[in-house]
1. GluC sites (Glu not before Pro), restricted to the stretch 225-333: which are DSSP loop and have at most 15 other Cβ atoms within 10 Å?
2. Residue separation times 0.36 nm, minus the C-alpha to C-alpha distance between ASP56 and PHE85: what's the value?
3. Please check: in the Gaussian network model of the chain (C-alpha springs, under 10 Å), which one of PHE85, PHE233, PHE324 has the largest mean-square fluctuation.
4. What FRET efficiency would be calculated for the residue pair HIS45, LEU174, taking the C-beta separation as r and a Förster radius of 51 Å, to the nearest 0.05?
5. Specify the residue with the greatest mean-square fluctuation among LEU174, LEU42, LEU31, computed from a Gaussian network of the chain linking alpha-carbon atoms under 10 Å apart.
6. Mind checking the log10 I(q)/I(0) for the stretch 62-114 at q = 0.24, 0.29 Å⁻¹? Debye, one equal scatterer per Cα, no solvent, two decimals.
7. Expressed as a whole percentage, what fraction of the accessible surface of the chain belongs to carbon and sulfur atoms when a 1.4 Å probe is rolled over the protein heavy atoms?
8. Grab the other residues whose beta carbon is less than 13 angstrom from that of LEU75, score K and R as +1, D and E as -1, and report the net.
Amino acid sequence: MRKKVILITGANGEVGHGLIRALVQTGADLLVLDLRELEDSLRQHVKHTIVGDILDTDLMDRLATEYEIETIYHLAALLSTHSEFRPESAHRVNVQGTINLLQLAIDQASWRGQTVKFIFPSSVAAYGIADLATKQAADAVSESQFNSPITMYGCNKLYCEHLGRYYTQHYRQLAAQPEDHRVDFRSVRFPGLISALTVPSGGTSDYAPEMVHAAARGEAYECFVRPDTIMPFMVMPDAIRALLKLADAPRDHLTSTVYNVTSFSLTAEAIADLVRAQFPHAQIQYVPSPGRQKIVDSWPARLDDRAARQDWAWSPEYDARRAFEDYLFPTIRQQYGKRII
Ligand code: AKB
């Protein structure tokens, strides 16, 4: 008898940690997959853990035979900065890995005779704005604008959004008997994410969380973008809510397979000011890295999330003030305890 589960890939990442905590509250049985062992504090809450690679097709076959998978949260990915060092490996993980999971979802859907939901975090990296003047002149950017990403990660995310739409709407469209039960792919384009509990690695929006965590640990921080650099952000509790809300939305309310979500847009200097107000001894210096700067400059300053608001009643709980004062600073103070200055 196959075990009924929700599958989370990349479970050991920042979003994975938050998602596991939230899904455990619902009583769901989770199957989590990551290259590394899940950390102990989370492992006790999770029924099935597998250390493995989404590129391992034998493992995918094993999952298909041992589990009945109702929903897949496919979080595993190499982020934007890491991907620029190893673009071809990034492509393998980010694209072939996603196809493997979509194939698993298709297999499960036809075996179960029911649609399998596939929840996919895409990114602001799916955008590519040609120059700063255009970025400054642009209003909040909608899903269909500026879709010319300049990073391998951005290209991978944008293409995987299209793969998801293809698997949902057109998969095997020329077969004599097209499948009845398909994948129901739903994706959110996240802005930069900031968690009070974890520090990301390998992303290009990482300067914001790194700045906050460095100050809380009493460490000096060299910010790798200019002070006037602006992009949209969201704190982790809102990111998790967005994934769960989109997963729960009735299918017939959805007019798209991809939705922008956003909370607030701040410059690096505005974030530094908030950090200094909370940690007066924070040492923040700007040492822009030309490559990473170029990447953030190609991302929109603001996202238009009206479609998500209309179709599935998306609305963030944390604006900039609440994000820092009610979530980030108190939680971080608790986390680092006495070491905080
Ligand atoms: C990154 O910087 O690569 C990610 C993202 C914006 O998706 N945080």
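1. Values: sites: GLU269, GLU317, GLU325; in loops: GLU317.
Counting only loop positions with at most 15 other Cβ atoms within 10 Å, the GluC sites (Glu not before Pro) in the stretch 225-333 are GLU317.
2. On the way: separation 29, 0.36 × 29 = 10.44 nm, distance 2.26 nm.
Using 0.36 nm per residue and subtracting the Cα-Cα distance, I get 8.2 nm.
3. For the chain, modelled as a Gaussian network with Cα springs under 10 Å, the answer is PHE85.
4. Values: r = 44 Å, r/R0 = 0.87.
The formula returns an efficiency of 0.70 here.
5. LEU174
6. Debye curve over Cα of the stretch 62-114, log10 I(q)/I(0) at q = 0.24, 0.29 Å⁻¹: -0.86, -1.08.
7. Details: 7300 of 14820 Å².
Reported share for carbon and sulfur atoms: 49 percent.
8. Values: positive: LYS157; negative: GLU14, ASP34.
Residues near LEU75 contribute -1 overall.
The values are calculated or read from the model by the stated rules, or taken from the named source; none is laboratory data. Not measured: the values here are computed from a predicted model. Cβ: placed from backbone, ideal geometry, glycine included. Neighbour counts: every protein chain shown. Quick note on the areas: whole protein, heavy atoms, side chains included, nothing else; ligands and nucleic acids left out. Shrake-Rupley method; radii C 1.70, N 1.55, O 1.52, S 1.80 Å.
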